[in-house]
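Visitor: Right, I'll just put the structure down here and ask away after.
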């Protein structure tokens with residue numbers, strides 16, 4: 001059986017059951033249930049204000065849910081204070097530290113979570129940068145990189161600890177169409193080449209159609225998931241909320 005076929009037959013790497021998120025008396029999304037299979041590129045979509053980036057904060061353990069269950073890699077709800085997280089994260093805009101070199105930025109998770117010597121950490125950082133197409137960029141400052149290169153560097157940092165799963169928050173935001181397509185190809189290549197599972201939070205439909213195998217669509221008014229599945233098939237959904245979302249660009253044009 002091919003590697004990716006075996007991976008998909010295993011227990012999901014991410015399981016969400018009956019999840020309700022919000023703060024105080026305010027419910028942002030409720031009764032969310034979905035799974036992400038190993039080796040899959042999975043998209044979390046929704047219009048402005050639907051809470052897709054906020055959902056990410058709950059999935060990675062930065063916020064505690066109001067109700068429901070989250071299981072990441074069989075470890076339950078992530079506890080970032082308990083030990084090495086079983087995933088990597090790329091936040092919006094990359095979140096690189098401007099006073100550190102690119103290599104030093106990529107090294108940060110290794111310095112935080114391992115006891116490796118400095119020379120080993122530097123070597124791993126350079127290897128991760130090479131993996132994302134930034135060979136030779138370790139000694140540059142983030143200010144010396146283009147927008148697309150910054151996103152690649154942020155992905156390299158997310159991969160520093162060899163996670164099976166990475167969360168990418170709006171990776172194509174602010175990029176021109178060419179850079180966005182290049183980044184999509186990188187994400188797809190990483191998933192296929194090393195069996196990486198990618199959970200992609202985005203509003204960029206072109207990226208979703210290029211690389212996502214399945215998605216969930218959050219709705220602001222319904223405060224829950226209104227569609228799950230292959231985004232290319234959901235364009236023809238009989239639910240007008242879903243079809244309007246996936247065809248909004250052609251309607252706007």
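Visitor: Can you find a residue in region 125-134 that is touching a residue at least 24 places away in the same chain (Cβ under 8 Å), within 24 Å of residue 75 (Cβ to Cβ) and part of a helix (DSSP H, G or I)?
Guide: Looking for residues that are touching a residue at least 24 places away in the same chain (Cβ under 8 Å), within 24 Å of residue 75 (Cβ to Cβ) and part of a helix (DSSP H, G or I), one finds at least one in region 125-134, hence yes.
Visitor: Would you please name the residue that is nearest to the chain's Cα centre (by Cα), looking only at residues in region 15-41 that are surrounded by 18 or more Cβ atoms within 10 Å (Cβ to Cβ) and assigned to a loop (DSSP other than H, G, I, E, B)?
Guide: Here the answer is 40.
Visitor: Let me ask something additional. Residue under question is residue 171, and the condition is that it be closer than 24 Å to residue 45 by Cβ and crowded, with 22+ Cβ neighbours inside 10 Å; does it hold?
Guide: In short, yes.
Visitor: Output the number of residues of region 181-192 satisfying the condition of being surrounded by 21 or more Cβ atoms within 10 Å (Cβ to Cβ) and more than 20 Å from residue 36 (Cα to Cα).
Guide: 1
Visitor: Can you find, within region 94-113, the residue that is farthest from the chain's Cα centre (by Cα) among those that are part of a loop (DSSP other than H, G, I, E, B) and exposed (fewer than 15 other Cβ atoms within 10 Å of the Cβ)?
Guide: Within region 94-113, the match that is farthest from the chain's Cα centre (by Cα) is 99.
Visitor: Right, something else. Of all residues being part of a loop (DSSP other than H, G, I, E, B) and touching a helix residue (DSSP H, G or I) at 6+ places or on another chain (Cβ under 6 Å) in region 135-149, which is surrounded by the most Cβ atoms within 10 Å (Cβ to Cβ)? Just the residue, please.
Guide: Within region 135-149, the match that is surrounded by the most Cβ atoms within 10 Å (Cβ to Cβ) is 137.
Visitor: Does region 205-221 include one or more residues that are within 20 Å of the chain's Cα centre (by Cα), within 21 Å of residue 36 (Cα to Cα) and at pLDDT below 90?
Guide: No, region 205-221 contains no residue that is within 20 Å of the chain's Cα centre (by Cα), within 21 Å of residue 36 (Cα to Cα) and at pLDDT below 90.
Visitor: Then there is this: Among (1) modelled with pLDDT of 95 or more; (2) surrounded by 21 or more Cβ atoms within 10 Å (Cβ to Cβ), there is one condition residue 123 misses while meeting the rest; what is its number?
Guide: That leaves (2) as the condition not met.
Visitor: Within region 223-246, track down each residue that is under 25 Å from residue 20 (Cβ atoms) and free of Cβ contacts under 8 Å to residues at least 12 places away in the same chain.
Guide: 237 - this is the single residue of region 223-246 that is under 25 Å from residue 20 (Cβ atoms) and free of Cβ contacts under 8 Å to residues at least 12 places away in the same chain.
Visitor: Could you grab me the full set of residues in region 42-84 that are modelled with pLDDT of 85 or more, crowded, with 16+ Cβ neighbours inside 10 Å, under 16 Å from the mean Cα position of the chain (by Cα) and assigned to a loop (DSSP other than H, G, I, E, B)?
Guide: The answer is 51, 60, 61.
The values are calculated or read from the model by the stated rules, or taken from the named source; none is laboratory data. This one's a predicted model, so the numbers in the text were calculated from it and none came from an experiment. Reconstructed Cβ throughout: ideal geometry from the backbone, glycine too, with neighbour counts over all protein chains shown.
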